[in-house]
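First the structure, in the form of structure tokens, and then the observations on it.
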Amino acid sequence: MFDNLSDKLDKAFHILKGHGKITEVNVADTLKEVRRALLDADVNFKIAKDFTARVKEKAIGQDVLTTLQPGQLLVKLVKDELTELMGGDVAGINLQGTPSVILMSGLQGSGKTTFSGKLANYLQTKKNKKPLLVACDIYRPAAINQLHVVGDQIGVEVYSEPENKNPVEIAQNAIKHAKANGFNIVIVDTAGRLAVDKEMMDEIARVHKAIQPQETLFVVDSMTGQDAVNTAKAFNDILNFDGVILTKLDGDTRGGAALSIKSVVNKPIKFVGTGEKMEAIDVFYPDRMAERILG
Ligand code: GDP
């Protein structure tokens with residue numbers, strides 16, 4: 001995960017090793033390399049530039065050059081800043097409602113259906129909840145089947161109305177069904193398109209308004225880099241979602257999405273997907289991720 005970024009940052013800090021006395025120039029060179037590493041990881045230019053500017057300011061504020069181990073201090077400053085960039089504290093999900101309704105949004109192929117199953121499985125096994133999965137993709141019968149397969153796999157009921165072409169109605173009926181049958185979580189999987197389009201946005205906005213979910217989660221493929229960030233912005237403008245799910249972190253992703261999304265939409269990354277299996281879900285801890293990146 002983010003191996004390339006880790007390597008590049010490691011190399012950046014090499015500049016500070018082997019020097020008798022570290023100078024302002026060495027620090028500036030290191031930060032330049034840090035910025036380059038972020039850009040290579042597909043972090044956008046402004047975010048990378050602001051990042052190194054903040055680290056520099058802190059380095060000056062803490063008199064890095066006069067400390068005993070300036071290299072280590074600079075690594076710590078970068079680590080703290082990476083943690084902040086990815087959201088600071090860990091963000092939980094709101095499970096207050098009866099039932100608590102969670103709406104999944106995102107493009108087709110982002111991993112929404114898979115993640116809906118993972119989340120249901122996580123809440124059932126780790127949080128002792130009784131979730132209901134809801135198939136609201138009215139365009140692709142295969143999508144409904146896929147959710148049923150997932151539901152069977154984890155032993156979670158799936159609500160669908162294959163003949164109904166109104167996703168608002170399906171979602172509302174599903175919530176009624178959940179209330180009548182003792183489900184305390186309702187996870188609504190919606191239709192995605194290959195790219196952002198008005199029809200899809202209107203539809204999810206209507207579902208969102210009708211069911212007033214406790215949590216609206218935006219699912220995005222981390223492999224798509226800056227596109228992930230742009231898509232997040234488009235969905236957030238419409239839905240004002242509560243959190244981001246980054247999928248496919250097990251792949252060869254450079255890290256740009258994880259590092260940029262929070263600054264662009266100001267919403268936390270709540271979970272990550274790290275594989276195709278139902279157990280491949282992790283709560284996202286910005287500090288642990290920063291720790292991992294800096295080795
Ligand atoms: P949806 O169209 O948004 O519902 O996306 P799907 O849930 O169908 O996922 C699209 C593809 O990505 C499927 O082949 C999934 O198995 C795969 N996938 C989803 N999440 C992950 C993940 O975290 N890691 C990996 N490697 N593959 C994933």
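The values are calculated or read from the model by the stated rules, or taken from the named source; none is laboratory data. Only a predicted model underlies this, so the values are computations on that prediction, with no experimental measurement involved. So basically every Cβ, Gly included, is an ideal-geometry build from the backbone, and we count neighbours across all protein chains shown. For the accessible areas, the whole protein counts, side chains as well, though only heavy atoms, and no ligand, DNA or RNA atoms are used. Shrake-Rupley method; radii C 1.70, N 1.55, O 1.52, S 1.80 Å.
Which one of A91, A37, A41, A53 is surrounded by fewer than 14 Cβ atoms within 10 Å (Cβ to Cβ) and under 30 Å from D227 (Cα atoms)?
When all the criteria are applied, what remains is A53.
Could you please tell me which pairs satisfy a Cβ distance under 6 Å, a separation of 6+ or placement on different chains, a first residue in region 81-108 that is in contact (Cβ under 8 Å) with a residue 40 or more places away in the chain, and a second residue that is among the acidic types (D, E) and buried (at least 17 other Cβ atoms within 10 Å of the Cβ)?
From residues that are in contact (Cβ under 8 Å) with a residue 40 or more places away in the chain, the pairs are T83/D287; I93/E215; N94/E215; I102/E215; M104/D189.
When region 171-193 is examined, which residues are found to be under 15 Å from Y139 (Cβ atoms) and surrounded by fewer than 22 Cβ atoms within 10 Å (Cβ to Cβ)?
Within region 171-193, A191, R193 meet the criteria.
Spot the failing condition for G97; the list is (1) assigned to a loop (DSSP other than H, G, I, E, B); (2) open to solvent by 20 Å² or more (accessible area, probe 1.4 Å), and only one is missed.
Looking at each condition in turn, G97 falls short on (2).
Residues that are within 13 Å of the ligand (Cβ to nearest atom) and either touching a residue at least 12 places away in the same chain (Cβ under 8 Å) or in contact with a helix residue (DSSP H, G or I) (Cβ under 7 Å, 6 or more places away or on another chain) (or both), at least 3 per element: which strands (runs of 3 or more DSSP E) completely within region 198-295 meet that?
Answer list for region 198-295: 215-221, 243-247, 269-273.
Restricting to region 109-136, name every residue that is surrounded by fewer than 24 Cβ atoms within 10 Å (Cβ to Cβ), over 16 Å from the mean Cα position of the chain (by Cα) and not in a helix (DSSP H, G or I).
If the condition is that a residue be surrounded by fewer than 24 Cβ atoms within 10 Å (Cβ to Cβ), over 16 Å from the mean Cα position of the chain (by Cα) and not in a helix (DSSP H, G or I), then K127, N128, K129, K130 are the ones that fit.
Of all residues in region 177-197, how many are within 15 Å of the ligand (Cβ to nearest atom) and assigned to a strand (DSSP E or B)?
So the count comes out to 4.
Quick one: in region 56-80, of everything that is in a loop (DSSP other than H, G, I, E, B) and without any contact (Cβ under 8 Å) to a residue 12 or more places away in the chain, which residue is least open to solvent (accessible area, probe 1.4 Å)?
This residue is T67.
Is region 33-51 home to any residue that is aliphatic (A, V, I, L, M) and more than 21 Å from S6 (Cβ to Cβ)?
Keep residues of region 33-51 that are aliphatic (A, V, I, L, M), which gives 34, 37-39, 41, 43, 47-48.
If we keep only those that are more than 21 Å from S6 (Cβ to Cβ) as well, we get none.
No, there is no match, as no residue in region 33-51 is aliphatic (A, V, I, L, M) and more than 21 Å from S6 (Cβ to Cβ).
Which numbered condition trips up G192, out of (1) under 21 Å from N240 (Cα atoms); (2) out of contact with any Cys (no Cβ under 7 Å at 6 or more places or on another chain); (3) at pLDDT 95 or above?
Unmet for G192, out of (1) under 21 Å from N240 (Cα atoms); (2) out of contact with any Cys (no Cβ under 7 Å at 6 or more places or on another chain); (3) at pLDDT 95 or above: (3).
Rundown of residues vs (1) over 22 Å from V272 (Cα atoms); (2) of a type in the set (S, T, N, Q), yes/no style:
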residue: V101; (1), (2): no, no
residue: M104; (1), (2): no, no
residue: N121; (1), (2): no, yes
residue: A135; (1), (2): no, no
residue: V149; (1), (2): no, no
residue: D152; (1), (2): yes, no
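Restricting to region 155-170, what's the tally of residues that are crowded, with 17+ Cβ neighbours inside 10 Å, of a type in the set (A, V, I, L, M) and more than 9 Å from V134 (Cβ to Cβ)?
1
Residues of region 270-295 being under 16 Å from E81 (Cα atoms), open to solvent by less than 10 Å² (accessible area, probe 1.4 Å) and touching a Phe, Trp or Tyr at 6+ places or on another chain (Cβ under 8 Å), which ones?
Residue satisfying the conditions is I293 alone.
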